[in-house]
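Chemist: Sending over a structure as structure tokens; questions will come in a sec.
Every number in this text was worked out from the coordinates using simple rules, so none of it is lab data. The structure displayed is predicted, hence computed values, not measured ones. Positions of Cβ are backbone-derived with ideal geometry, glycine not excepted, and every protein chain shown enters the neighbour counts.
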Amino acid sequence: MSQPLLSVNQLTMRFGGLTAVDAVSFDVYRNHITAVIGPNGAGKTTAFNCITGFYKPTSGDIVLRHKDDTEFKLQEMEDFRISQTAKVARTFQNIRLFGGMTVLENLMIAQHNHLMKASAYTIGGIFNTPSYQRAQEAAKKKALSWMDRVGITDRADDPAASLPYGAQRKLEIARAMCTDPVLLCLDEPAAGLNPKESEELNALLRSIRDHDDVGILLIEHDMSVVMEISDHIIVLDYGRKISDGNATEVRNDPAVIKAYLGVVEE
Amino acid sequence: MSSNGHSSSSLPSMIKRSLIATVIAFLLFLPTLGIKTAASGGVDGLFLIYRWALLGAGCGLIFVARMAYELFWAPKDGEQKPIKAPSALARALGSSKVAKTVGPALLVFAIVFPFLPFSDRYILDLGILIITYVMLGWGLQIVVGLAGLLDLGYVAFYAVGAYSYALLSIHFGFGFWMCLPLAGLLAATWGIILGFPVLRLRGDYLAIVTLAFGEIIRVVLLNWRSFTGGSNGLSDIPRPSFFGIPFNQSEHGFAATFGLEYSSMQRIIFLYFLILALAVFTFFVTARLRRLPIGRAWEALREDEIACRSLGVNTVNTKLSAFAIGAMFGGFAGSFFAAKQAFVSPESFNFMESATILAIVVLGGMSSQLGVVFSAIVMVGGVELLRQLQFLKSVFGNDFDPSQLRLLLFGLAMVLMMLWRPRGLVSTRMPTVFLKDKKTVSASMISQGRG
Amino acid sequence: MNYFIQQFINGLTLGSIYGLIAIGYTMVYGIIGMINFAHGDVFMVGAFVSLITVIIFGITGTSSIALGIGALILVAAISMVIAGVYGWTIERLAYRPLRGSFRLAPLITAIGVSIFLQNFVQATQGARVKPLNAIISGGFTILEGNDFVVRITYMQILIVILTVVLMSGFTYLISKTSLGRAQRACEQDMKMAMLLGIDVNTTISTTFVIGAALASVAGLMYLLYYGVIDFYIGFSAGIKAFTAAVLGGVGSLPGAMLGGMVIGLIEVFFAAYFSSEYKDVAAFSMLIVVLIFMPQGLLGRPEIEKV
């Protein structure tokens, strides 16, 4: 197996007296789907927020490796730089779309940095230079291709807040993919989805894994999704990693069973 | 006593509630309407004038108003207040078709305005004032409406523009067209200076800090006498000319050059077209910016700052650019103001101005440029109209000055406006890029920004 | 050194006045998360009501002390009642209908109420400043030095004592009674409080009334201490008192008092040692500095945003 896309080493996060994440280490690989699971309060979202730059870890390091071997120390980077330069994209547990803006606008904002450069930091844009127009058309095309892929093209001009819940989730993923990431981080993407929608999500994530040359890291509680599509599962409990392996290994790991179900009283 | 939806609608209880309202009004009006302090001019200090008739009238008015409310508007027993749909007017103003016709029509009207029969000096000045506020409104709309940053100190940029123009033209002899971009640049710089410290502030905190900034600038302008002239301000600012041809009665003056009879109106009409041109420029630039990545980033910032950052958008630059560009237009407007008045003083740049401009943006509807035009006409024009209500002198006595009521009614109007239409006249939003149809986004989906 | 001590005393006195106004800001912001822009103008109304009541009762500097103090307490009581009615009415008419609506709306409304109040008082009472001959005068010397004599006036003592009494009383009220519990419940989670049967509307109204009453006492003190008021004092006192509330930590009553003292001291020292023209700039700059470097204030708790 090639070098890991993301290496998390001894990641620790303390809030005052509470240690939410305790020396957790794991690797995420390109073209793999890695799931982080664990009971509530296990520290999954905290670890996630450290990786995507919304918290600054107390200690440990998080290294992202691009194909050309450039490395990014994510624990030192600002949140927007992690997305802009290291090319890590994320979605949110509580869906953070730009509700008052249309589906298309949401997808265009994802391509903001690219378009800003093309508009010569707005000056070129004001004068509507041909190169800006080309960049705008290309951006629209990319948005359209993602809308087609997730199946929301018919709602392109509708405000994002008017979409049904399942479509909103898909839009959030499409929007994250429009930033051309190398690592896609999803925070409970299946939350609130009915079985049919979960199936569609599985198909979408598998398709992204197979065709888009990215690594996927997700937090999830819905075992039907996790067991179905994960190549690699990491289990956290009380901030510590208690298991690390493929779906079969983890499902049968006694430590995992104990964490979720407790020890059976004799 | 509070109405919790279970108030009965029988006549006795209506009367009872109206009486309670009247008692409350009595307590409120007693030390204000009812008893007035006046100076006796002697060492004994103040004495009191009792105005029982006025007090009685005030209380009576409240009683009648409350009864009318109870009879005609209050929801009856168990009835729910229906949710108001946007009125036909609001929907019309928000639709792009209407905007495409009303906008140009207004522009045509504005162009012919100075030549209409009733446009005398006073009316033309009013027109200039309204257009100035429209321009300021469009500038502030970038900051508050698009980027969702609550700025209560916008007047500071207006002041920077005005004082920059004054100082540059007095000390360096620069002409209007030279000073204008420099004033805008200086104002934009101050916009960035203001923006830096407030980057992490949200909502009401951001509002109060920007207010504090505005006040600091006003106090500095008032007290730094050597630079700004202090409370006396700066006067003898060179008047603008028609591209070098002065507006006077000399042989080289505008009238002589164009074979017209001299009239002081000529300079005013020139100023009118000058501000109109500046306003149109502001309109086109802001409309264009909205469609560019930067404009979308502003709106995305308003909707959800954290989501923006997760997409790699540098929100620091986004905020600073909103402040800077909004400030720049304020600076342009300030230059014009200084050139028109030929005199600047700190009194023109107080918090009331910031509040007025903010009210214009909010009443107009945060996203609608056309809305700002209408609300500026209503607020500025409407308030001027009150000065004309001389007939009130006959009601309240001859030493009653209706212009004192101007601000009073302005404050009341702000409150009523928010109670009636909290999201402004045109509360909808038009998307800036679309695949097939440009569909209006209704107000309930638009976020108002948390700072 | 003596000069310093004198300014310190003056600063504490001014700070007490700011502190009393700050309590209103901090309580309202704590419970409904809005800055009551009009609060400073309620302070101003309280000052005017006090002025009128003092003139009606004919209290002058020549009255006997016991009678004078008694009458002033009555003046304070009347002023508190009327200011309380103002506070109640403002909340009921202008803020309550907008609860839960468009976020910017309550701010605009509050500004509108503030402008309305200022101009209402101006229109009904006249735009001139209103002077009052000193009622409580005299004091005593505490330090004599070659360069400067330090005096504390009876007025200053009265202000500080009254402030301490009111503060203690209201802190007790808030922490020990059911009103205080209801307030804290509303601050934490209003919907839940409603579901648990707490009368949220009454709790909020009471908060406004208490804040207004305290502000009106501050108005009376201001009137007696400075001897002159006008319809504009609410604006700058309001910003400074709000700064005090933020400095002390929004939602904390002791914090409001502490913040008030600090702001009062800063203003007086700045005016004494640097420049009295720019003293307002010092206070406003404090607001900016506090919000940037210490947004939770001295006695408040930091907020972590949940992603």
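Chemist: Scanning chain B for GluC sites (Glu not before Pro) in DSSP loops with at most 11 other Cβ atoms within 10 Å, what's the longest stretch left with none?
Modeler: B:262-451
Chemist: Also: At a Förster distance of 51 Å, what's the computed FRET efficiency of B:Ala277 paired with B:Tyr69, Cβ-Cβ distance as r, to 0.05?
Modeler: Plugging the Cβ-Cβ distance into 1/(1 + (r/R0)^6) gives 0.60.
Chemist: Using only alpha-carbon positions, what ratio does the radius of gyration of region A:201-253 give when scaled by 2.2 N^0.38 Å?
Modeler: 1.19
Chemist: Please compute the modelled spin-label separation between A:Thr248 and C:Phe4, points set 7 Å along Cα→Cβ, answer in nm with one decimal.
Modeler: That separation, rounded to one decimal, is 8.1 nm.
Chemist: Right, another one. Once label points are set 7 Å from the Cα along Cα→Cβ at both B:Ala39 and B:Ile15, what is their separation, rounded to one decimal in nm?
Modeler: If labels sit at B:Ala39 and B:Ile15, their model points lie 4.8 nm apart.
Chemist: Still on this model: Assuming 1.567 mPa s and 4 °C, estimate D for the protein assembly as shown with Stokes-Einstein, Rh taken as the Kirkwood radius over Cα pairs, in µm²/s.
Modeler: 41
Chemist: Step by step: find N for region B:11-73, compute 2.2 N^0.38 Å, then divide the Cα radius of gyration by it. What's the final number?
Modeler: 1.49
Chemist: Same structure again: Could you tell me the relative contact order of region A:128-266? Use alpha-carbon pairs under 8 Å, at least six residues apart, and round to a whole percent.
Modeler: 15
Chemist: Also, I was wondering about something else. Are there any chymotrypsin sites (Phe, Trp or Tyr not before Pro) in region B:234-311 that are in a DSSP loop and have at most 12 other Cβ atoms within 10 Å? List them by number.
Modeler: Those that pass, being in a loop and sparsely packed, are B:Phe243, B:Phe258.
Chemist: Can you give me the orientation-averaged projected area of the convex hull built on the Cα atoms of region B:94-445, in nm²?
Modeler: 20.6
Chemist: Under a plain spin-label model, where a point goes 7 Å from the Cα along Cα-to-Cβ, how far apart in nm are A:Asp154 and B:Ile306?
Modeler: The answer from the label model is 3.3 nm.
Chemist: Pairs A:Lys117/A:Lys142; A:Lys170/B:Lys436; C:Lys176/C:Lys240; B:Lys97/B:Lys439; A:Lys140/B:Lys97; A:Lys67/A:Lys87: which are spaced more than 19 Å apart, C-alpha to C-alpha?
Modeler: Pairs exceeding the cut-off: A:Lys170/B:Lys436; C:Lys176/C:Lys240; A:Lys140/B:Lys97.
Chemist: Same structure again: So for region C:19-231, Kirkwood radius off the Cα pairs, Stokes-Einstein at 4 °C and 1.567 mPa s: how many µm² s⁻¹?
Modeler: 70
Chemist: Please report, in cubic angstrom per residue, the volume enclosed by the convex hull of the alpha-carbon atoms of region B:277-342.
Modeler: About 73 Å³ per residue, rounded to a whole number.
Chemist: If you average the sequence gap of Cα pairs under 8 Å that are 6 or more apart and divide by the length of chain A, what percent do you get for the contact order?
Modeler: In percent, rounded to a whole number, it is 27.
Chemist: Now a separate question. In Å, what Kirkwood hydrodynamic radius results for region A:101-180 from the alpha-carbon pair distances?
Modeler: 12.8
Chemist: Continuing with this model, one more query. Using 1/(1 + (r/R0)^6) with R0 = 60 angstrom and r between the beta carbons of A:Ser131 and C:Val129, what's the FRET efficiency to the nearest 0.05?
Modeler: For R0 = 60 Å, the calculated efficiency reads 0.40.
Chemist: Quote the FRET efficiency, to the nearest 0.05, computed for C:Asn201 versus B:Lys439 with a Förster distance R0 of 35 Å and r equal to the Cβ-Cβ distance.
Modeler: 0.35
Chemist: Through the Karplus equation 6.51 cos²θ - 1.76 cosθ + 1.60, θ set to phi - 60°, convert the phi angles of region C:195-202 into ³J(HN,Hα) values in whole Hz; use x for Gly and Pro.
Modeler: 5, 7, x, 6, 7, 4, 4, 5
Chemist: Take the alpha-carbon positions of region B:218-365, form their convex hull, and give its projected area averaged over all directions (one quarter of the hull surface) in nm².
Modeler: 12.4
Chemist: Further question: So, in Å, what gap is there between the alpha-carbon centers of region B:239-306 and region A:62-110?
Modeler: Taking the Cα centre of each part, region B:239-306 and region A:62-110 sit 42 Å apart.
Chemist: Within region C:247-275, which residues have the backbone N less than 13 Å from the label spot 7 Å out from C:Met294 along Cα→beta-carbon, could you tell me?
Modeler: Under cut-off, by backbone N: C:247-250, C:255-256, C:258-263, C:266.
Chemist: If I take all pairs of Cα atoms in region B:201-267, what percentage of them are more than 21 Å from each other?
Modeler: 57
Chemist: Sticking with this structure for a sec: Given H placed on each backbone N at 1.01 Å, which residues far from B:Val426 in sequence or on other chains put an amide H within less than 5 Å of it?
Modeler: When sequence neighbours closer than 5 places are left aside, the close amide H contacts are B:Gly365.
Chemist: If you don't mind, there's one more thing I want to ask. Whole-Hz Karplus ³J(HN,Hα) for region A:85-91, in order, using 6.51 cos²θ - 1.76 cosθ + 1.60 and θ = phi - 60°, x for Gly and Pro?
Modeler: So the J values, rounded to whole Hz, are 9, 7, 6, 10, 10, 9, 10.
Chemist: Can you list the residues of region A:116-130 with backbone N under 11 Å from a point 7 Å past the Cα of B:Leu185, pointing along Cα to Cβ?
Modeler: Correct set: none at all.
Chemist: I've got another one for you. Suppose a student asked you for the relative contact order of chain B, using Cα pairs under 8 Å spaced at least 6 residues apart; what percent would you report?
Modeler: 23
Chemist: Something else now. If you project the alpha carbons of chain A onto their three principal axes, what span does each projection cover, largest first, in Å?
Modeler: 75, 40, 38
Chemist: Okay, moving on. Using modelled amide H (1.01 Å from N, peptide plane; none on Pro or chain starts), what sits under 5 Å from the amide H of A:Tyr55, excluding residues fewer than 5 places away?
Modeler: Long-range HN contacts for A:Tyr55: A:Cys50.
Chemist: Run through region C:232-307 and list the GluC sites (Glu not before Pro) located in a DSSP loop whose Cβ has at most 12 other Cβ atoms within 10 Å.
Modeler: Sparse-neighbourhood loop GluC sites (Glu not before Pro): C:Glu303, C:Glu305.
Chemist: Taking a point 7 angstrom from the Cα of A:Ser2 along the C-beta vector, which residues in region A:68-102 have backbone N less than 15 Å away?
Modeler: A:68-71
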